[in-house]
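Below is one structure, written out as structure tokens; the observations come after it.
Every read-out reported here was derived from the displayed coordinates using simple, explicitly stated rules and does not represent laboratory data. Note that this is a predicted model, so its numbers are computed, not measured. Reconstructed Cβ throughout: ideal geometry from the backbone, glycine too, with neighbour counts over all protein chains shown.
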Amino acid sequence: MQRTGKTIPYADCNAISPMTVMAMAEDFAAADIPFVDAGIIGRAPGVDSKTQFYATGAEAMRLKVLDDNGMAVTVLSDRIGDASALKMCFASINKGTNAIYATELIATARYGLGAELAQEIEGRAPAIWQAMNRAVPWLAADADRWTGEMEEIAATYDAVGMPDGFHRGAADLFRKLAATRWATKRAKRWTAPARWNKRLRSWPKPLGRIELPIRPQGDPIMRRLLFLPLVLVMSLPASAQEIGRVRQVVLDAYGTPKRRTGDRCMAARG
């Protein structure tokens, strides 16, 4: 751009705090490059849905060129930082809630009360139970890129005098999940017992012997979600006593395997 004497607008759409984006805007202004602060909310464009873009800054209208091309672009203001602030506050609810769900499940499993908690949530708050089932089992696959986002959210809150501790804790949780073996591959739906077998055998920690029925009975949502604490607890540092507690929770939830002709049970050893 310096060689041609021409500049093109730059829109930053990353999930960052208003302070971070304002510092970036100053650098671009010094180079005389038009800068747009943008925040993205929602998934990729679909057949019947659009991805929401919020844009702010003096050059924000330039982003309207993307409007109606699978995206909905809303210009909020001419103040750099507004779009990022909105994105941060939305993500603090959306991804922050997922962090609460995961922390709750892991902690309860380590206390050996996973089945009891699952029963209470499913009975008293079925909508929350469904939300947990949709989000939590796949968190480890996204944990690495969400760690920094939680730290940016914490900075966003701190800048306006709000407590930042929870989202720093969420960042710590995601950092731990990102370091597990479960995060090394993109998450897939674990409905096939063969995948459970493969995952169990891949765990590096001594697990003793864990037996689960090849086709556990009961509600499929409960089966999948109750299996999650076992995966996460075995991946994170845990004492032998904690592992034993989780083993019992899962066995209690699934029932004792019955060995019949053609019936296969999976066993995991460290």
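Label region 53-125 by shape, choosing from rounded, prolate and oblate, from the square roots a ≥ b ≥ c of the eigenvalues of the Cα gyration tensor; if a/c is under 1.5 it is rounded, and otherwise prolate applies when a/b is larger than b/c, oblate when it is not. Prolate is the answer for region 53-125, as a/c is 1.5 or above and a/b outweighs b/c. Across region 56-69, computed HN-Hα scalar couplings (Karplus, 6.51 cos²θ - 1.76 cosθ + 1.60, θ = phi - 60°) run 9, x, 4, 9, 4, 4, 5, 6, 5, 4, 8, 5, 6, 10 Hz from first to last residue, x flagging Gly and Pro. Look at the Cα gyration tensor of region 1-99: its axes a ≥ b ≥ c give a/c of at least 1.5 with a/b at or below b/c, and that counts as oblate. Within region 161-182, list the residues whose amide N lies under 15 Å from a label point set 7 Å along Cα→Cβ of Cys89. Those under the cut-off are 161-163. With a threshold of 30 Å on the Cα-Cα distance, the over-threshold entries among Lys64/Lys176; Lys87/Lys176; Lys64/Lys95; Lys6/Lys50 are Lys64/Lys176; Lys6/Lys50.
Inter-label distance, Ala159 to Asp48: 3.8 nm, where each label sits 7 Å from its Cα along the C-beta direction. For region 64-184, the extents of the C-alpha atoms along the principal axes are 53, 31, 31 Å, listed from largest to smallest.
The peptide list 115-122, 159-166, put in order of mean Cβ contacts within 10 Å with the highest first, becomes 115-122, 159-166. Would you please classify the overall shape of region 110-180 from the alpha carbon gyration tensor, given that a ≥ b ≥ c denote the square roots of the eigenvalues, rounded means a/c under 1.5, and beyond that prolate means a/b larger than b/c while oblate covers the rest? Verdict is prolate for region 110-180. Residues whose amide H comes within less than 5 Å of that of Tyr10, counting only those at least five positions distant or on another chain, are Phe35, Val36 (H built at 1.01 Å from N in the peptide plane). Were the residues from Ser77 through Lys64 laid out at 0.36 nm apart, the gain over their Cα-Cα distance would be 3.3 nm. Near Asp164, once Lys and Arg are set to +1 and Asp and Glu to -1 for all other residues with Cβ below 14 Å from its Cβ, the sum equals -4.
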